[in-house]
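Reading through the structure tokens given below for one structure.
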Amino acid sequence: MLIQESLIRGNIDVAVLHLLQERDMYGYEIIQQIKMRSDGDFTVKFGSLYPVMYRMIERGMLTEETVLVGKRRIRKYYHLTDLGLEYLENIRTEYLKISSGMNKILNYNGEESNSSEEK
């Protein structure tokens, strides 16, 4: 497994939930939005997206609706539930805290931090 794939896999939930708080979307649209909004730095494959989506549906964070588009094409639109929104709010706070901590670690230059309070 590539390192990038491993890092992305751990962040798909946050990206999907964030996008779906704006509006309902179908799978390909979610993938394109992730790619566009990250300027191509964060790309998700269908094989990585759908297991995450199905898991979130099973947990009640998302619902899906099948919609007929045109005469024969169908799309599954995904909708963020109240439980999913609550989870997003919690995970966003934790994600930003962890991301900030990792940023500090990766940019550490050997000097003591000004913050001496324990968390």
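Roughly how many debye, to the nearest 20, is the charge dipole of the range 3-105 about its Cα centre, given +1 on each Lys and Arg Cβ, -1 on each Asp and Glu Cβ, and no other charges? Before the final figure, lay out the partial values.
Numbers: 15 positive and 14 negative charges, 85 e Å.
Approximately 400 debye in magnitude.
For the range 1-93, applying the loop criterion from DSSP together with a ceiling of 13 other beta carbons within 10 Å to the trypsin sites (Lys or Arg not before Pro) yields Arg23, Lys45, Arg59, Lys71, Arg72. On the basis of the beta-carbon distance and an R0 of 25 Å, Thr43 and Asn109 show a calculated FRET efficiency of 0.20. Look at where the Cα atoms of the range 24-49 and of the range 87-104 average out, and the two centres are 21 Å apart. A value for volume of the Cα convex hull per residue in Å³ was derived from the coordinates, and within the list (1) 147; (2) 133; (3) 109 it appears as (1). The GluC sites (Glu not before Pro) of the range 31-119 that meet both conditions, a loop assignment by DSSP and at most 12 other Cβ atoms within 10 Å of the site Cβ, are Glu111, Glu112, Glu117, Glu118. Think of the chain as having a plus end and a minus end, set by charges on the Cβ of Lys, Arg, Asp and Glu; of Met25, Met56, Ala15, Met25 sits farthest toward the positive end of this dipole.
Quick one: length gained pulling Glu22 to Asp82 fully straight, 0.36 nm per residue minus the C-alpha distance?
On the way: separation 60, 0.36 × 60 = 21.60 nm, distance 1.31 nm.
Extra length from Glu22 to Asp82 when fully extended: 20.3 nm.
Could you tell me the number of lysine pairs in the chain with C-alpha atoms less than 27 Å from each other, where the two lysines are 8 or more residues apart or belong to different chains?
On the way: Lys35/Lys45; Lys35/Lys76; Lys35/Lys97; Lys35/Lys104; Lys45/Lys76; Lys45/Lys97; Lys97/Lys119; Lys104/Lys119.
Taking the Cα cut-off of 27 Å, the pair count is 8.
Considering helices alone, the calculated mean residue ellipticity of the chain at 222 nm is -18000 deg cm²/dmol, with DSSP H runs of length four and up weighted by -39500 (n - 2.57) and normalised per residue.
Coordinate-derived values only; no laboratory data. Computed from a predicted structure; not experimentally measured. Note that each Cβ is placed from the backbone with ideal geometry, even for glycine, and that neighbours are counted across all protein chains shown.
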